[in-house]
Amino acid sequence: MFLASVGETVIAKSKNCMIIENSIYFPREDVFTEYLTQTETVTRCPWKGIATYFNIKTLENHLQDGAWSYLRPKSKARRIRGHIAFWKEVEVKELCADQ
C-alpha cells in the first residue's frame, strides 16, 4: 500500500501503484482529485509521450505542477494511462501491510 500526502493531507492511497523509472504512479481512482487542478504545463518523454501537470492545493499548501499524468501515453507506456505521479514536496511512502 502506498500513501501520498502533502503536509497532513492525504491526497492518494492505493494498493495498485506501479513504479516506473523511480516514480510511483497511482491509479486515478485512488487519488483525491479534488486537490488537483490541471495546468498548461506539459513535458515530453521519448517513450511515454506527453505529460500533463496538475497543481495540488490543500488547506495548508499549494504546489505548482506537483503531479503529472500521461493522458494519452505512447503504446510502450500504455499501462500508465489513467495513473498520476507526484513529486516536489509530496511525500510518497509505502505502508506496512497492517496499516
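Every read-out reported here was derived from the displayed coordinates using simple, explicitly stated rules and does not represent laboratory data. Computed from a prediction, not measured in an experiment: that's the story for all the values here. Every residue, glycine among them, receives a Cβ derived from its backbone with ideal geometry; neighbour counts consider all protein chains shown.
Rg to Rh ratio, the chain, alpha-carbon atoms and Kirkwood radius?
On the way: Rg = 13.0 Å, Rh = 13.6 Å.
Radius of gyration relative to Kirkwood radius: 0.95.
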For region 17-31, Karplus-derived ³J(HN,Hα) couplings (6.51, -1.76, 1.60; θ = phi - 60°; whole Hz; x for glycine and proline) come out as 6, 10, 10, 9, 6, 6, 10, 9, 9, 9, x, 3, 5, 9, 10
How many nm is it between the label spots at Trp87 and Thr9, if each spot is 7 Å from the Cα in line with the beta carbon? 2.1
Length added when fully stretched, Asp30-Glu60, from 0.36 nm per residue minus Cα-Cα: 8.7 nm
Treating only the Cβ of Lys, Arg, Asp and Glu as charged (+1, +1, -1, -1), what charge dipole size does region 1-80 show about its Cα centre? Round to the nearest 20 debye. 620
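What is the gain in length, in nm to one decimal, between Arg44 and Ala77 on full extension, counting 0.36 nm per residue of separation less the C-alpha to C-alpha distance? Intermediate results must be reported in sequence, preceding the final value.
Working: separation 33, 0.36 × 33 = 11.88 nm, distance 1.28 nm.
Roughly 10.6 nm would be gained on extension.
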Nonlocal amide H pairs with Cys45, under 5 Å, H built at 1.01 Å: Ile50, Ala51
Would you mind counting up the charge near Glu29? Only other residues with Cβ under 14 Å from its Cβ, with Lys and Arg at +1 and Asp and Glu at -1. +2
Cross-link reach from Lys57 to lysines, straight Cα distance under 21 Å and at least 8 residues apart if same chain, gives Lys13, Lys88, Lys93
